[in-house]
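Here it is, the structure, as structure tokens.
The values are calculated or read from the model by the stated rules, or taken from the named source; none is laboratory data. Note that the structure is predicted; figures quoted are calculated from it, not measured. For neighbour counting, all protein chains shown are included, and Cβ atoms are generated from backbone atoms with ideal geometry for every residue, glycine included. Each accessible area value is taken on the protein alone, full model and side chains, heavy atoms only, with ligands, DNA and RNA left out. Shrake-Rupley method; radii C 1.70, N 1.55, O 1.52, S 1.80 Å.
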Amino acid sequence: KTLHQVGQTGRTVGPAEYSFHRKDGSTGYCISTIFSIPSMEGQQCFVCMDVDNTESKNAIGALQLSERKYRAFFENSMDGILLTIMDGSVLAANSSACAIFGMTEAEIIQAGRNGLVDMTDPRLEKLLVERRETGKASGELTMKRANGEKFEAEISSVVFIDGQGEMKTSMIIRDVTERKKAEEKIRSSEERYRALVEN
């Protein structure tokens with residue numbers, strides 16, 4: 001049918017992708033283009049050019065699978081996750097991050113680093129320098145919710161190169177407010193007990 005179409009119209013058909021089966025039973029993929037040329041005798045000849053596209057097809061499939069796994073991890077993590085760049089701009093935020101900050105993803109993106117982090121926290125500069133020099137950093141930082149409330153968070157951040165060759169950073173955020181309150185209660189209780197014993 002394709003050859004008839006080329007013969008009738010004289011137009012090139014393709015490129016189009018086709019699957020094929022190898023002798024070993026595996027499936028391969030090729031990109032085919034069919035066109036007609038006149039022979040020396042004036043007869044019409046058909047030329048089919050095939051390019052094996054199996055490796056590229058498999059690479060794309062592996063990339064799509066990797067992206068689906070990343071998306072599942074990103075969306076289902078109980079910790080807040082931000083996709084950012086080095087200047088502090090936020091590119092994406094998962095649902096846990098939205099819950100932590102009390103903002104929508106769009107609001108988090110608009111806020112950026114300046115709107116999410118207490119910029120007066122002296123630990124911020126140290127963490128930024130550490131990440132810039134080593135490609136990763138972790139520690140505690142004071143952050144801000146939408147209503148202006150400040151809270152303590154454990155953060156870890158890494159620098160990576162994405163599929164387009166661009167430098168990005170990821171940040172995992174864990175709200176440790178309740179843990180800090182519990183630690184303070186324990187510390188206060190120990191101090192009262194020590195005072196009681198000493199007196």
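Could you tell me which numbered condition Ser56 fails, if it satisfies all but one of (1) surrounded by 14 or more Cβ atoms within 10 Å (Cβ to Cβ); (2) more than 30 Å from Ile155 (Cα to Cα); (3) at pLDDT 70 or above?
Single failed check for Ser56: (1).
I would also like to ask the following. Does Asn94 qualify as being of a type outside the set (Phe, Trp, Tyr), open to solvent by 70 Å² or more (accessible area, probe 1.4 Å) and closer than 21 Å to Met167 by Cβ?
no
Filter the range 161-199 for residues that are open to solvent by 70 Å² or more (accessible area, probe 1.4 Å) and outside any helix (DSSP H, G or I); which is farthest from Leu124 (Cα to Cα)?
Among residues in the range 161-199 that are open to solvent by 70 Å² or more (accessible area, probe 1.4 Å) and outside any helix (DSSP H, G or I), the one farthest from Leu124 (Cα to Cα) is Asn199.
Let me ask something additional. Would the range 102-118 turn up any residue that is at pLDDT below 95, part of a helix (DSSP H, G or I), within 27 Å of Glu184 (Cβ to Cβ) and not hydroxyl-bearing (Ser, Thr, Tyr)?
no
Taking the range 135-160 on its own, how many of its residues are small (Gly, Ala, Ser) and surrounded by fewer than 16 Cβ atoms within 10 Å (Cβ to Cβ)?
Qualifying residue count for the region: 5.
Okay, next question. Those residues that are closer than 16 Å to Leu82 by Cα and either touching a Pro at 6+ places or on another chain (Cβ under 8 Å) or of a type in the set (A, V, I, L, M) (or both), I need them from the range 147-179; list them, please.
Of everything in the range 147-179, those that are closer than 16 Å to Leu82 by Cα and either touching a Pro at 6+ places or on another chain (Cβ under 8 Å) or of a type in the set (A, V, I, L, M) (or both) turn out to be Ala153, Ile155, Val158, Val159, Ile161, Met167, Met171, Ile172, Ile173.
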